[in-house]
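**Student:** Before anything else, here's the structure in question.
Read-outs: derived from the displayed coordinates by stated rules, not from any lab. From a predicted model like this one, the values you see are computed outputs, not experimental measurements. Note that we place each Cβ from the backbone using ideal geometry, even for glycine, and neighbour counts take in every protein chain shown.
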Amino acid sequence: MPAGSVRFQSLATSADVAAATAEHILAAAEQAVAARGRFLLVLAGGRTPIMAYTLLVGKPAQWDRWSIFFGDERCLPPDHPERNSVAARQAFLDQVPIPPKNIYPMSAEQGPVAAALSYQRTLSGSATGKSAAVRLPFDLVLLGMGEDGHTASLFPGRPVPDGPLVIPVLDAPKPPPKRVSLTPKALSAARAMLVLVTGADKAAALAAWRAGADSPVARVAASGAALVLMDRAAEGAAPP
Ligand code: 6PG
C-alpha cells in the first residue's frame, strides 16, 4: 500500500507527540465549529493517546459543540479499566463540559455483534434516543497503531466487508479477543485523520509501513490522507 498520500511528522518524544495531537484536536474543533457549528471527533483507543487527552482538560473550547465517538472498543463491562471509553473518561471526558448526550460510547458490553449493529444505527442516523442526528463525515479521526500494523480493531489477515461502518471482531490477537471496530469505510469518512505512533516497540511496523508494506493502518491512513505523528523512538532514531 503506497504511503504516498500519508504525511509522516517526526517529533522528539512521546510528550511532543501528545502536545502536537492536542493542538491539532483543538484547531480542528475551532475550524469545524466555526464552519458547521459542531465538531465530530473519533477517539483512538490504547495507551498512546491518553497523554494527549489529558492535555485537552482546561483548554478553551466550545465543548457543547463537540460530539465524541470511538474507533473501537473492547467487549468488557462498561466500567472495566481496560475499556477505551473508561480510559477516555478518566483522562478527559469526565473533566470537560461536553454534553453527555453528545458522547457515543460503543455498547461493547452487549457483545460484538449486538454492539456493532447498535453503533451502525448510531452512525447511520437511525438510532433513537439521541437528540442530534449523527451525520458523517467526522471532522477528525484519531488512530493508534499496534506492533503488527493493526489500527482500531482492524488486524492483519482479517478481511473487512465493504458495506458496514461498524463490525464485530471475534478473534482479535490483541486481548481481549472480542471487540467492536469502525471499518475503513467509517474511519475514512473524515475531514482529517491523525495516526499516533510512539515507542521503540512500534519501530518495525512503522518502518515496514513507510517502505510500502500493506497493513490495516497503511490502508486506513492512505484512505484518510492521514498525518502520522511519530516520536524518534518509533522512527528508529537514536534517542535525543
Ligand atoms: C485498542 C486500540 C488499538 C491501539 C493500538 C496501539 O483498543 O487496543 O484501539 O488499535 O490503538 O493497539 O495501542 P497502544 O497505544 O496501547 O500502543
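**Student:** Quick one: Karplus J couplings for the stretch 80-86, per residue in order, coefficients 6.51, -1.76, 1.60, θ = phi - 60°, nearest Hz, x for Gly and Pro?
**Tutor:** Those phi angles translate into 5, x, 8, 6, 5, 5, 5 Hz.
**Student:** Pairs of alpha-carbon atoms within less than 8 angstrom and 6+ residues apart define the contacts here; what relative contact order does the chain have, in percent? All intermediate terms of the calculation are to be shown ahead of the outcome.
**Tutor:** On the way: 503 pairs, mean separation 65.7, N = 240.
Relative contact order for the chain comes out at 27 percent.
**Student:** Also, quick follow-up: Which order, highest average first, do 162-173, 60-71 follow once you tally other Cβ atoms within 10 Å for each residue and take the mean per peptide?
**Tutor:** Details: 162-173: 16.8, 60-71: 18.4.
Highest-to-lowest ranking by the protection proxy: 60-71, 162-173.
**Student:** So in the chain, what percent of DSSP beta bridges are antiparallel if you round to the nearest 5?
**Tutor:** Details: 8 of 30 bridges.
Taking every DSSP beta bridge with both residues in the chain, the antiparallel ones total about 25 percent.
**Student:** Along the Cα→Cβ direction, 7 angstrom out, place labels at A225 and Q90. What is the inter-label distance in nm?
**Tutor:** 3.8 nm
**Student:** With a cap of 13 neighbouring Cβ atoms within 10 Å, and only residues DSSP puts in a loop, list the GluC sites (Glu not before Pro) found in the stretch 1-85.
**Tutor:** Counting only loop positions with at most 13 other Cβ atoms within 10 Å, the GluC sites (Glu not before Pro) in the stretch 1-85 are E82.
**Student:** Moving to a separate point now. Straight-line reach from K101: which aspartates and glutamates have a Cα under 15 Å away, not including same-chain ones fewer than 8 places off?
**Tutor:** Correct list for K101: D64.
**Student:** Using θ = phi - 60° and the Karplus form 6.51 cos²θ - 1.76 cosθ + 1.60, what ³J(HN,Hα) does each residue of the stretch 32-44 get, whole Hz, x for Gly and Pro?
**Tutor:** Per-residue couplings from phi come out as 5, 5, 5, 7, 10, x, 7, 9, 9, 10, 9, 8, 7 Hz.
**Student:** Mind checking which aspartates and glutamates have their C-alpha under 18 Å from K174, skipping anything on the same chain fewer than 8 residues away?
**Tutor:** Output for K174: D72, E73, E82, E109, E147, D148, D201.
**Student:** Let me ask something else. Please compute the net charge surrounding V17, taking Lys and Arg as +1 and Asp and Glu as -1 over other residues with Cβ under 15 Å from its Cβ. Numbers along the way, then the final one.
**Tutor:** Details: positive: R7, R47, K202, R232; negative: D16, E23, D201, D231, E235.
Neighbourhood net charge equals -1.
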